[in-house]
Amino acid sequence: MKQIINIQEQYGAELHTRQMMERLAANLQPENEYLLDMSGVGQISRSAADELYNLTHSDIRVDLINLEPFVEKMLSAVTKGRFLPRQHTAGDMPIIHCTTISSVQRQLMAK
Amino acid sequence: MQKRTDICSLESTLSLFFDCVTKHRSSAVIAPFLGAMTCIFRGQTSEAVVPFSLDDESITKVIAQLKENVRPYSPDGLQTFNMPLTYLLDELICNIQQHAQTDKGYAYLMYNKAAKAIEIIIADFGITIYGSYVAAQKHLDKLGDSDADALNLAQNGYSVKNLPDTENRGYGISSNMKMVVEGLLGEFAVLSGNALLLQASNNRKILALPSEIDFKGTMVMVRIPAQVPDGFNLYDYMS
């Protein structure tokens with residue numbers, strides 16, 4: 001039988017850090033099956049979502065249920081990020097060498 | 001989309017900031033955002049500058065505290081701002097946790113009534129962005145030998161991580177900048193070592209600073225109009 005873990009009760013409505021999800025993973029046993037109930041978790045950081053992805057793709061049998069829209073979007077973004085090639089679309093920024101404080105100030109004021 | 005709010009520019013604040021830190025002026029008489037930047041630069045704390053540890057509990061607490069600082073001033077009690085603000089704070093604080101090799105960060109988040117803007121600083125006294133590339137031995141061929149080159153790599157998505165254990169997207173600076181500048185019509189700056197990255201609507205550049213400016217760490221400064229623009233969608237910036 002799958003064991004249900006209420007994530008909001010244990011970790012709160014906002015999951016901020018990778019370490020939070022690592023702690024969760026450390027408490028799960030490979031011989032068991034788990035349902036992670038994500039109801040009430042409205043916010044997850046990219047790092048925490050990335051670690052949650054690791055957990056759902058590990059030896060531990062874990063399913064996520066009751067995902068809030070933001071959490072679902074973040075997990076989807078992280079999953080895509082795993083498979084897409086690295087993108088460097090921002091392009092280089094101009095680098096301006098300033099030798100004096102007044103030249104810095106001129107650069108800051110230049111439009 | 002709404003027209004960009006005419007707020008006091010981050011450039012002018014930074015100009016005053018450099019004047020302050022090089023001429024050792026007192027920060028007591030200057031504007032709060034500038035005062036907070038100057039305090040952090042000098043390794044001091046103030047009522048508004050909150051030091052935090054990098055454990056889960058402290059991070060959760062500081063993010064909640066920072067949001068409470070601005071909630072009373074948000075037109076809808078932070079309802080529309082909560083997600084983008086939390087997303088931004090998560091990204092900036094997680095960067096310290098993952099890359100800076102330090103055990104503490106500094107945070108400032110206040111509402112500037114005159115500018116009708118939210119002002120955020122997340123800073124650390126860690127190994128700088130340049131130092132994190134060197135420590136990870138990543139992209140050394142592109143890195144050059146300066147903080148400015150490192151900032152350029154970071155803003156262009158060059159990661160210090162290695163697949164397959166983590167998503168390989170780097171600091172997330174470029175997506176955060178895009179969200180702040182294009183989505184929320186704000187301004188974004190990063191001071192790391194002796195380089196300053198500045199991204200505003202009309203100004204996008206990296207300054208290699210003179211030797212008298214050398215911040216032993218990384219300080220991210222953000223100024224965002226308090227009203228979320230019509231049509232803003234956080235999901236557009238999460239890819």
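The values are calculated or read from the model by the stated rules, or taken from the named source; none is laboratory data. A quick note: this is a predicted structure, and the numbers were derived from the prediction, not measured. Here Cβ is always computed from backbone atoms with ideal geometry, including for glycine, and neighbour counts include all displayed protein chains.
Numerical summary
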item: Pair list, Cβ under 6 Å, 6 or more apart: the stretch A:1-26 residue under 15 Å from residue B:55 (Cβ atoms), other residue of a type outside the set (Gly, Ala, Ser) and part of a strand (DSSP E or B); result: A:15/A:44
item: Selection count, the stretch B:104-138, where residues are under 23 Å from residue B:187 (Cα atoms), aromatic (Phe, Trp, Tyr) and buried (at least 23 other Cβ atoms within 10 Å of the Cβ); result: 3
item: Every residue from the stretch B:208-222 that is crowded, with 24+ Cβ neighbours inside 10 Å and over 19 Å from residue B:133 (Cα atoms); result: B:209, B:221, B:222
item: Residue in the stretch B:29-44 that is loosely packed, with under 15 Cβ neighbours inside 10 Å, within 27 Å of residue B:225 (Cα to Cα) and of a type in the set (Val, Ile, Thr) present; result: yes
item: Which listed residue, of A:77, A:49, A:25, is within 7 Å of chain B (Cβ to nearest Cβ), under 20 Å from the mean Cα position of the chain (by Cα) and in a helix (DSSP H, G or I); result: A:77
item: Test for residue A:59: is it at pLDDT below 95 and among the acidic types (Asp, Glu); result: yes
item: Members of the stretch A:80-104 that are facing chain B (nearest Cβ under 7 Å) and β-branched (Val, Ile, Thr); result: A:95, A:96, A:99, A:100, A:101, A:104
item: Those residues of the stretch A:62-111 which are modelled with pLDDT of 95 or more, more than 30 Å from residue B:9 (Cβ to Cβ) and β-branched (Val, Ile, Thr), in sequence order; result: A:62, A:65, A:71
item: Long-range neighbours under 7 Å by Cβ, at least six apart or interchain, first residue over 14 Å from residue B:219 (Cα atoms) within the stretch B:114-137, second in a helix (DSSP H, G or I) and among the β-branched types (Val, Ile, Thr); result: B:118/B:70
item: Residue selected from the stretch A:32-46 under the condition of a type in the set (A, V, I, L, M) and within 14 Å of chain B (Cβ to nearest Cβ), by the criterion nearest to the chain's Cα centre (by Cα); result: A:44
item: Conditions (1) of a type in the set (D, E, K, R); (2) within 14 Å of chain A (Cβ to nearest Cβ); (3) part of a loop (DSSP other than H, G, I, E, B); (4) closer than 28 Å to residue A:71 by Cβ: number failed by residue B:212; result: (4)
item: Residue B:194 being among the polar types (S, T, N, Q), within 14 Å of chain A (Cβ to nearest Cβ) and either free of Cβ contacts under 8 Å to residues at least 24 places away in the same chain or touching a Phe, Trp or Tyr at 6+ places or on another chain (Cβ under 6 Å) (or both); result: no
item: Residue match in the stretch B:21-41 (condition: part of a loop (DSSP other than H, G, I, E, B), under 19 Å from the mean Cα position of the chain (by Cα), modelled with pLDDT of 80 or more and closer than 20 Å to residue B:125 by Cα); result: no
item: Some residue of the stretch A:40-57 being of a type in the set (Phe, Trp, Tyr), touching a Ser or Thr at 6+ places or on another chain (Cβ under 8 Å) and touching a residue at least 24 places away in the same chain (Cβ under 8 Å); result: yes
item: Selected residue (criterion: surrounded by the fewest Cβ atoms within 10 Å (Cβ to Cβ)) from residues of the stretch A:59-74 that are in contact (Cβ under 8 Å) with a residue 24 or more places away in the chain and within 7 Å of chain B (Cβ to nearest Cβ); result: A:70
item: Any chance residue B:123 is within 27 Å of residue A:97 (Cβ to Cβ) and in contact with a Gly (Cβ under 9 Å, 6 or more places away or on another chain); result: yes
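Every residue, every condition in (1) more than 23 Å from residue B:215 (Cβ to Cβ); (2) without any contact (Cβ under 8 Å) to a residue 24 or more places away in the chain; (3) surrounded by fewer than 17 Cβ atoms within 10 Å (Cβ to Cβ); (4) among the small types (Gly, Ala, Ser), yes or no:
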residue: B:56; (1), (2), (3), (4): yes, yes, no, no
residue: B:61; (1), (2), (3), (4): yes, yes, yes, no
residue: B:66; (1), (2), (3), (4): no, no, no, no
residue: B:74; (1), (2), (3), (4): yes, no, no, yes
residue: B:79; (1), (2), (3), (4): yes, yes, yes, no
residue: B:84; (1), (2), (3), (4): yes, no, no, no
residue: B:87; (1), (2), (3), (4): yes, no, no, no
residue: B:102; (1), (2), (3), (4): no, no, yes, no
